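Each remark here refers to the structure printed beneath this line.
Each value in this text was obtained by applying a stated rule to the coordinates, not by laboratory testing. This structure is a prediction, so every number in the text was calculated from the model and none was measured. Here the Cβ is made from the backbone with ideal geometry for all residues, glycine too, and neighbour counts use every protein chain on show.
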């Protein structure tokens, strides 16, 4: 198995063997990626999950192989040649093709003919004998005349042809390489404009793009489109006839009719289903990958920590809800104002009152309905104070959080809409800590996320959240149970127990105290300890990414360097130890490899490092911009909100995000927009077009390069 995985993923057998063993021993992916680099050959989280996925796939294939062998053997049909073919089959499709003739079937036309004893007539057709001369002796109640008998024999031949593994494989391969996916408007459909480009559409299966496959599938589900597989049926039927027909005369024509019927009724629809499923699986995987990449970049947005922030959830009819949060995210006060009718004149004063009362440093505005009017009120209010700025925050999923069990536990007595304002403020203060509370499918950075395989999507997004949380690290004494639940080896139940222990006993003073929490044994502690941080605890190393299992080496390195943890001179001292060979010698003494040693040294030099600090901070504003202010040729700075196959949506400070089409990203051909920009990037763009009526803004990156 290891060799097959290594070949398919381009890894060494030793990398795969070490990774599979660690996974089978119950280790989590983040733990393996961070603390077992020597065993995996420095594979990252994505590669480790690829190994895990491929191992599961191969194990499932082997399980299916055993099931098929057992089933065919029980039927008494397992010949030596068939067993050899089944054992040799490298894909599930090939296995199922080989099993097709032996798979238990419903009462098909062919099976009905067999049960009536018409198989000798079918064999006679294959041998070139006239079936009509044999038909009279095979008449029965269900096949009362000669034509019915011959038709029944043809049904047997049609099913046998459609179940032939070699024919299925050839036709599938030809269709895959030369077939086209054809799509047109469904008869009787209303004609939704969003499917306009697919009402007369055709593309080779080899070249059709994932987003096109997903759009067509959605159009079919909404009964707007009708799609099917186009192949050279005549050529394929001729090839099948050449393989199956070895006689002449009247029997030849009857046999050809059976093949034509089996092809159109059984084989073509089956192959079409197989290939459509292949296309959709690839498209699903692509869409899930897009969502995962965008979600990761969104979760890694730099925080604005330890700030007092006023969050505003805009609303037209019911008014805008306000919530002030303190430096650690605690709720300080709430309020509301209106942005319609005569009361909108009072809005700036009401905003200003809370800003001054709590010395708010930032204002976070949700980008929902009424955000433009709210932004105007905020901009007007902030002209009266110095140094306070605002940011427009993507509020996708805030309403989901507001009505969730998590929100009810946090704020049982707070109105749902005010909970939304708290969430918006916290998204600016610490995006990761807040967004982990929300179903990732509600965050709005994907493509066709509600159409793809929901189990696969959920698994992928959970993996992204787990990887991001563990790469950043979690403060054990301030994190919510939602955030702690994402730490490797913890989960929701243990997270609640950790918080409960913290509430009863007070803050943790060391990582070792985790073992006092009910349910955290040696294995769980091993998996989670390195990802949890304790600031100002008894052990300074507890505020680093160094695992407790390596503390002895870390202390020895500090003693040898004679420079304190995090001191500016520590990097040079460690470098000097490396030149003298002392680092390697000490690592060997403690049984630590070179890769882990490098991580320990980095953590000693930068003990509190947050990978988010290296990224662009949120764009803060002090005045408002509208579509009326936009002109073609104007240059602006914007923030990437979403990346899709055809381009990127960019927030440039007006209500509607602008689109940078993939053709406007660079002065060269851009195959993959995800290689050019990521969610959260700050980029400079030029206005290409403004369509106020349709709310569309065309942007260009290459025009300012």
To make sure I understand, if each residue's beta carbon is the centre and we count other beta carbons within 10 Å, what order do 639, 40 fall in, fewest to most? 639, 40
Let me check against my output: what whole-number percent is the relative contact order of the chain, with C-alpha pairs under 8 Å and at least 6 apart? 9
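Compute the normalised compactness of segment 143-250: alpha-carbon radius of gyration over 2.2 N^0.38 Å, N being the residue count.
Rounded to two decimals, the normalised Rg is 1.47.
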What FRET efficiency do you get for residue 281 and residue 21 if R0 is 35 Å and r is their Cβ-Cβ distance, rounded to the nearest 0.05? 0.75
Length gained, residue 333-residue 459, 0.36 nm per residue minus C-alpha separation, equals 41.6 nm
For Cα pairs less than 8 Å apart in space and 6+ apart in sequence, what is the mean separation divided by the residue count of segment 2-101, i.e. the relative contact order in percent? 20
By average C-beta atoms within 10 angstrom, highest first, the peptides 652-658, 301-307: 652-658, 301-307
Note: residue 614 to residue 71 extended length (0.36 nm per residue) minus current alpha-carbon separation gives 189.7 nm
Please list 459-466, 337-344 highest first by mean number of surrounding beta-carbon atoms within 10 Å per residue. 459-466, 337-344
Of 208, 351, how do they rank once you tally other Cβ atoms within 10 Å and put the fewest first? 208, 351
If I model segment 470-566 as equal point scatterers sitting on the Cα atoms and use the Debye formula, what is log10 I(q)/I(0) at q = 0.17, 0.24 Å⁻¹? -0.70, -1.29
The chain: calculated mean residue ellipticity at 222 nm from DSSP helix runs of at least 4, using -39500 (n - 2.57): -14500 deg cm²/dmol
The chain: projected area of the alpha-carbon convex hull, averaged over directions, in nm²: 41.5
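Using only alpha carbon pairs under 8 Å that are at least six residues apart, calculate the relative contact order of segment 309-445 and give it in whole percent.
28
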How would 334, 67 line up from fewest to most surrounding beta-carbon atoms within 10 angstrom? 67, 334
Segment 2-101: translational diffusion in µm²/s, Stokes-Einstein, Kirkwood Rh over Cα pairs, 10 °C, 1.306 mPa s: 106
Using a Förster distance of 60 angstrom, determine the FRET efficiency expected from the C-beta separation of residue 450 and residue 146, and round it to 0.05. 0.60
How much of the DSSP bridge set in segment 309-445 is antiparallel, in percent, rounded to the nearest 5? 55
Point-to-point label distance, residue 64-residue 359, nm (Cα→Cβ direction, 7 Å offset): 6.5
Quick check on segment 627-704: of the DSSP beta bridges with both residues there, what percent are antiparallel, nearest 5%? 90
At 1.002 mPa s and 20 °C, Stokes diffusion of segment 309-445 via Kirkwood alpha-carbon radius, µm² per second: 147
0 to 90° range, to nearest 10: angle between helix 233-244 axis and the chain longest Cα axis: 60
Roughly how tilted is helix 570-579, in degrees to the nearest 10 and between 0 and 90, from the longest Cα axis of the chain? 60
Can you tell me which of 481-491, 578-588 comes out highest on packing, and rank the rest after it, using the mean Cβ neighbours within 10 Å? 481-491, 578-588
If one puts a single equal scatterer on every Cα of segment 96-200 and applies the Debye formula without solvent, what log₁₀ I(q)/I(0) results at q = 0.14, 0.20 Å⁻¹? -0.72, -0.95
Just to be sure I understand the model, the point goes 7 Å from the Cα along the line to the Cβ. What's the resulting residue 682 to residue 343 distance in nm? 3.7
Hey, with R₀ at 45 Å, roughly what FRET efficiency would residue 170 and residue 669 work out to, going by the Cβ-Cβ distance, to 0.05? 0.80
Run a plain Debye calculation on segment 573-705 (Cα atoms as equal point scatterers, no solvent) and give log10 I(q)/I(0) at q = 0.09, 0.10, 0.11 Å⁻¹, rounded to two decimals, same order as the q list. -0.46, -0.52, -0.57
Added length on full extension, which subtracts the Cα-Cα distance from 0.36 nm per residue, residue 177 to residue 243: 21.7 nm
DSSP bridge orientation in the chain - percent antiparallel, rounded to nearest 5: 75
Along principal axes, Cα extents of segment 627-704, largest first, whole Å: 33, 21, 21
Once you put a point 7 Å from the Cα of residue 130 and another 7 Å from the Cα of residue 518, both along the Cβ direction, what distance in nm separates them? 8.9
What number, in nm² with one decimal, is the all-direction average of the projected area of the convex hull of the alpha-carbon atoms of segment 373-504? 10.7
Measure nothing but the geometry: give the 0 to 90° angle between the long axis through the Cα atoms of 491-505 and the longest principal axis through the Cα atoms of the chain, rounded to 10°. 20
